[in-house]
Amino acid sequence: MKKRRILLLGGSGYLGTQIYDCLRQNGEHEVIATCYSTGRADGFIRLDVTDGPSFVQLLQEISPDVVIWALMSSTDEPAIIKSGMNTLLEHLPKESRFIYISSDGIFGQGNGAFVEADEVVPLADVNPLASYSHAKQLGEMLVQTRHDNHAIVRLGPIYGRNSAGNWDKRVAFMLSELAAGREMLRPGNLYKTFVHVEDVAHAICELVEGEFTGLLHLGPQEKESYYSFFHKLAGSLGMDAERIKESSLAEDEARERGVPLDTSLDTRLASSVLRTRFRQG
């Protein structure tokens, strides 16, 4: 079996780190990972995907069989997509497999659970994450129209401690607040499909080796409110779960702030390792 050469864009990020370590467990892969600012001891390649000439040179030098787009930036996402994605799609051979990691943030209106065929309506401009949402949608459109051999993976909020020992920002904040003895308010009527970082990484690794093409909602089959999710998680980590207090977001206030109350995904268990049960670690 021919060894696959995999280019992992964003390999030093929270999710990218987990994907990288998962891929490396398979000795049949040759994994080349990039980072934006700092590399790891493993020898990551520093790359700014908006630097067209450098990006083109890297693609030509390594000629990847598979490219995984694990880049995520709440502030720079539009530039990354408009410049970096166009460069990649212009120079990626049509036979190369492309896995693009997208977000449930592309659904800015309506009520979940959303299926893959549902119309995408980005977040309202008043939402701080609107530019990120719009960029992710643009990325999906570019991939769908310009590269047939693709898998687009939409995810809800990713949580858990990754293989480098780092928590996601939401849980890290919760741990800090509860450790300081402070209470936290979390809405009981705002729903998401929370997915563990290990599950995402294993699913991406399976997609690398599989033949699935198209659009996929990835995650557990059950949605959670922010309140129920953090209340359960705090208890499972030995914290004082009673300091997580339930709040509620009124519908008119949610509309004014551009916050959809339910952006849960109707998910498929594309990976044999995806759990539907609540995970603490």
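The values are calculated or read from the model by the stated rules, or taken from the named source; none is laboratory data. The structure displayed is predicted, hence computed values, not measured ones. Reconstructed Cβ throughout: ideal geometry from the backbone, glycine too, with neighbour counts over all protein chains shown. Only protein heavy atoms, including side chains, enter the accessible area calculation; ligands, DNA and RNA are left aside. Shrake-Rupley method; radii C 1.70, N 1.55, O 1.52, S 1.80 Å.
State to the nearest 20 debye the size of the charge dipole of the chain about its Cα centre, where the only charges are +1 on K and R beta carbons and -1 on D and E beta carbons.
Values: 29 positive and 38 negative charges, 129 e Å.
The calculation lands at about 620 debye.
Using the Karplus equation 6.51 cos²θ - 1.76 cosθ + 1.60 (θ = phi - 60°), what ³J(HN,Hα) coupling, rounded to whole Hz, does each residue of region 113-126 give in order, writing x for Gly and Pro?
7, 7, 9, 4, 7, 5, 5, 8, 10, x, 4, 5, 4, 6
If Leu9, Leu185, Leu129 are ordered by their accessible area, calculated over protein heavy atoms with a 1.4 Å probe, which sequence runs from highest to lowest? Intermediate results must be reported in sequence, preceding the final value.
Numbers: Leu9 0, Leu185 110, Leu129 90 Å².
From most exposed to least exposed: Leu185, Leu129, Leu9.
Looking at region 23-72 from every direction and averaging, what is the projected area of its Cα convex hull in nm²? Kindly include the intermediate steps, with their values, before the conclusion.
Working: hull surface 16.3 nm².
For region 23-72, averaging the hull's shadow over all directions gives 4.1 nm².
Can you send over the solvent-accessible area of Thr213, 1.4 Å probe, protein chains only, in Å² to the nearest 10?
70
Where in region 121-154 does the amide nitrogen come within less than 11 Å of the point 7 Å from the Cα of Lys94, taken along Cα to Cβ?
Flagged as within label range: 147-149.
Where in the chain lies the longest segment free of GluC sites (Glu not before Pro) that are both loop residues by DSSP (not H, G, I, E, B) and have at most 15 other Cβ atoms within 10 Å?
Details: sites that count: Glu28, Glu95, Glu116, Glu119, Glu183, Glu211, Glu222.
Maximal segment without exposed cleavage sites: 29-94.
For region 1-110, what is the largest minus smallest coordinate of the Cα atoms on each principal axis, given in angstrom and ordered from greatest to least?
45, 29, 28
For the pair Ala254 and Asn149, what calculated FRET efficiency results from E = 1/(1 + (r/R0)^6), where r is the Cβ-Cβ distance and R0 = 51 Å, to the nearest 0.05?
Details: r = 39 Å, r/R0 = 0.77.
Computed FRET efficiency for Asn149 and Ala254: 0.85.
Tell me, what % of the accessible area of the chain is carbon and sulfur with a 1.4 angstrom probe? Display every interim value, and only then the final one.
Details: 6000 of 13050 Å².
In the chain, the share of accessible area belonging to carbon and sulfur is 46 percent.
Can you work out the accessible area per residue across the chain, with the rest of the protein chains kept in place, probe 1.4 Å, in square angstrom?
Details: 13050 Å² over 281 residues.
About 46 Å² of surface per residue is accessible.
Taking a cut-off of 16 Å between Cα atoms, list the aspartates and glutamates near Lys94, but don't count ones fewer than 8 places away on the same chain.
Here the aspartates and glutamates satisfying the reach criterion relative to Lys94 are Asp65, Asp148, Glu211.
Note the direction-averaged projected area, equal to a quarter of the hull surface, for the Cα convex hull of the chain, in nm².
Numbers: hull surface 58.6 nm².
Averaging across all directions leaves 14.6 nm² for the Cα convex hull.
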